[in-house]
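Below is one structure, written out as structure tokens; comments come after it.
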Amino acid sequence: MFDLIVRNATLPDGRTGVDIAAKDGRIAEIAPALGPAATEIDAAGRLVSPPFVDSHFHLDATLALGTEGVFNESGTLAEGIALWGRIAPKLTAENYRDRALRYIDLAVSKGLLAIRSHVDITDPRLIGAETLADIKREVAPYLDLQLVAFPQMGFFSRPDMADSVRRVLDMGFEVVGGIPHLEPTAEHGRASITALCEIAAERGAMVDMHCDENDDPNSRMIETLVWETKRLGLGGRVTGSHLTSMHSMDNFYAGRLVKMMADAGVHAILNPAANLHLQARFDTYPKRRGLARAPELMAAGATVAFAQDSVLDPWYPLGACDMLDMGWIAAHACHLTDRKGLRACFDAVTEAPAKIMELDGYGLAPGAWADMVVLAAADPIDALRLRAPRTHVIRRGRVIAETPLPAPRLSIKGRPETLERDIWAPSSL
């Protein structure tokens, strides 16, 4: 007997009417009419997806908006950085823990079961880093939390930053981060990339750097990141996040850069909600969108993910940790609204970020972890269109979150008082 079966599922690849069986925490079989099982869920033809993945977030800052009555009134990246510089030194381990766990609980209910979080290590006390390392172990049964050593105020903001990077890697952090465009000079920015990539190569860590998060077409730190990726043999393990200057570059140079990134195996993570909010604040009209060139990167063969970045923090005053929101916004902002583009947007919040994070056993296939989400949608495009409710969230073959769909009751003149059909059923969409 199987431990769990999700019956009559539609899969993201288009297969319909299949059962997904789980045994001992992994997917045992995918085929029609399987059984029996100790627990059975009828998907009723709805979409069953692998879990959502947020490959760029800041758990240490989330839900900190309004701390000490402080808000970002200009909506600029610079004010957000300044506010965090005021807030962060006063935060306690208990505060970090409370906010992170509240966010994670909401994330899990939305089917978001893997997060890569950048953690500020500017403060040499490393309170936030130690707290997040503890939380990583605590939430491991229900969420994959991957941590990035992030010198948020710059690698050269203090002389012993390399020691802090190594210390947090010893705590269990898997990724080396950086922010080269915030360093004192362009030369310092390039030097920071070299130093941080060498630490990553030394420790066997991945790399994920905030790169060129501005509206300056001459901000080209990504060039150095591509070079160091090739020099140190880090291809496939390096990510450039944000890359918003790419929107302002001329087409000739941007085309060259896209090819360089794809050839070197450098991934790209876009944060559509946060950067649409933050970028082009100094433009009059027309206003730039301030996003990297997702369609061109995808066409070149680069792995592209969409991420949340921030929720209710000094940089972004909105957000609900819903990765379908990120795909929906990106579809509009990046002109990915044809059917192929919409499917790519769904992949960019599931399969693509899982690849970037090197998640073990991810996906819907026999032998993979039995982690999945049942959505009230007919297919991935429908899921984006509706930002569909998640009826069941399953981790290691066990239901860990369940959201019953509402039974609509309408009173409309000339129509029956009760609407009997299921408005979320695939046949009614």
### Query
Where residues in region 225-281 are surrounded by fewer than 18 Cβ atoms within 10 Å (Cβ to Cβ) and charged (D, E, K, R), which of them is nearest to MET298 (Cα to Cα)?
LYS259
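Every residue, every condition in (1) modelled with pLDDT of 95 or more; (2) closer than 22 Å to PRO272 by Cβ, yes or no:
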| residue | (1), (2) |
| --- | --- |
| ALA21 | yes, no |
| SER55 | yes, yes |
| ILE81 | no, yes |
| LYS90 | no, no |
| ARG97 | yes, no |
| LYS110 | yes, yes |
## Note on the structure
Those residues of region 5-33 that are surrounded by fewer than 18 Cβ atoms within 10 Å (Cβ to Cβ) and aliphatic (A, V, I, L, M) come to a total of 2
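For every residue, the table says whether it meets (1) over 17 Å from MET357 (Cα atoms); (2) modelled with pLDDT of 95 or more; (3) in the same structural domain as ALA307 (by TED's automatic domain parsing); (4) of a type in the set (A, V, I, L, M, F, W, C).
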| position | (1), (2), (3), (4) |
| --- | --- |
| LEU101 | yes, yes, yes, yes |
| ILE104 | yes, yes, yes, yes |
| THR131 | yes, yes, yes, no |
| VAL148 | no, yes, yes, yes |
| PRO151 | yes, yes, yes, no |
### Query
With respect to the numbered conditions (1) of a type in the set (A, V, I, L, M, F, W, C); (2) modelled with pLDDT of 95 or more; (3) farther than 26 Å from ALA22 by Cβ; (4) over 21 Å from the mean Cα position of the chain (by Cα), which one is the sole condition not fulfilled by LEU384?
(4)
### Message
Considering only residues that are under 30 Å from ASP216 (Cβ atoms) and in a loop (DSSP other than H, G, I, E, B), which ones fall in region 132-172?
### Response
PRO151, GLN152, MET153, GLY154, ARG158, PRO159, ASP160
### Test: SER55 is closer than 21 Å to LEU132 by Cα and surrounded by 18 or more Cβ atoms within 10 Å (Cβ to Cβ)
yes
### Query
Name the residues in region 328-348 that are among the acidic types (Asp, Glu) and either within 17 Å of ASN275 (Cα to Cα) or touching an Asp or Glu at 6+ places or on another chain (Cβ under 7 Å) (or both), would you?
none
#### Entry: From LEU169, LEU143, LEU182, residue being under 21 Å from LEU63 (Cα atoms) and crowded, with 20+ Cβ neighbours inside 10 Å
LEU143
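If you go through region 71-89 one residue at a time, do you hit one that is touching a Ser or Thr at 6+ places or on another chain (Cβ under 6 Å), part of a helix (DSSP H, G or I) and surrounded by fewer than 21 Cβ atoms within 10 Å (Cβ to Cβ)? Break it down into steps so the answer makes sense when it comes.
Of region 71-89, the ones touching a Ser or Thr at 6+ places or on another chain (Cβ under 6 Å) are 87.
Cutting the leftovers down to part of a helix (DSSP H, G or I) gives us 87.
In the following step, the residues that additionally are surrounded by fewer than 21 Cβ atoms within 10 Å (Cβ to Cβ) were identified as 87.
Within region 71-89, one or more residues are touching a Ser or Thr at 6+ places or on another chain (Cβ under 6 Å), part of a helix (DSSP H, G or I) and surrounded by fewer than 21 Cβ atoms within 10 Å (Cβ to Cβ).
Taking ALA64, is it outside any helix (DSSP H, G or I) and farther than 20 Å from GLY327 by Cα?
Numbers: outside any helix (DSSP H, G or I): yes; farther than 20 Å from GLY327 by Cα: yes.
Spelling it out, ALA64 is indeed outside any helix (DSSP H, G or I) and farther than 20 Å from GLY327 by Cα.
When you go through LEU318, LEU297, LEU324 one by one, which is the residue that is of a type in the set (A, V, I, L, M, F, W, C), assigned by TED's automatic domain parsing to the domain that holds VAL70 and assigned to a loop (DSSP other than H, G, I, E, B)?
Numbers: LEU297 fails: assigned to a loop (DSSP other than H, G, I, E, B); LEU324 fails: assigned to a loop (DSSP other than H, G, I, E, B).
From the options LEU318, LEU297, LEU324, the qualifying one is LEU318.
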### Message
Against the conditions (1) of a type outside the set (Gly, Ala, Ser); (2) crowded, with 18+ Cβ neighbours inside 10 Å; (3) in contact (Cβ under 8 Å) with a residue 60 or more places away in the chain; (4) closer than 17 Å to VAL374 by Cα, where does THR39 fall short? Just the number, please.
### Response
(2)
### Summary
When region 217-276 is checked residue by residue, the ones that are of a type in the set (Val, Ile, Thr) and either free of Cβ contacts under 8 Å to residues at least 24 places away in the same chain or part of a helix (DSSP H, G or I) (or both) are ILE222, THR224, VAL226, THR229, THR244, VAL258
### Task
Could you tell me whether any residue of region 311-327 is touching a Pro at 6+ places or on another chain (Cβ under 9 Å), in contact (Cβ under 8 Å) with a residue 12 or more places away in the chain, at negative phi and aromatic (Phe, Trp, Tyr)?
no
### Message
For ALA352, only one of the following conditions fails: (1) at pLDDT 95 or above; (2) assigned to a loop (DSSP other than H, G, I, E, B); (3) small (Gly, Ala, Ser). What is its number?
### Response
(2)
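From LEU63, LEU77, which residue is under 24 Å from the mean Cα position of the chain (by Cα) and modelled with pLDDT under 95? So that I can check it myself, show each step before the final result.
Details: LEU63 fails: modelled with pLDDT under 95.
None of the other options fit; the residue is LEU77.
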#### Entry: Unmet requirement for HIS332, which otherwise passes all of (1) closer than 26 Å to ALA21 by Cα; (2) not in a loop (DSSP other than H, G, I, E, B)
(1)
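The values are calculated or read from the model by the stated rules, or taken from the named source; none is laboratory data. This one's a predicted model, so the numbers in the text were calculated from it and none came from an experiment. All Cβ positions, even for glycine, are placed from backbone atoms using ideal geometry, and neighbour counts span all protein chains on display.
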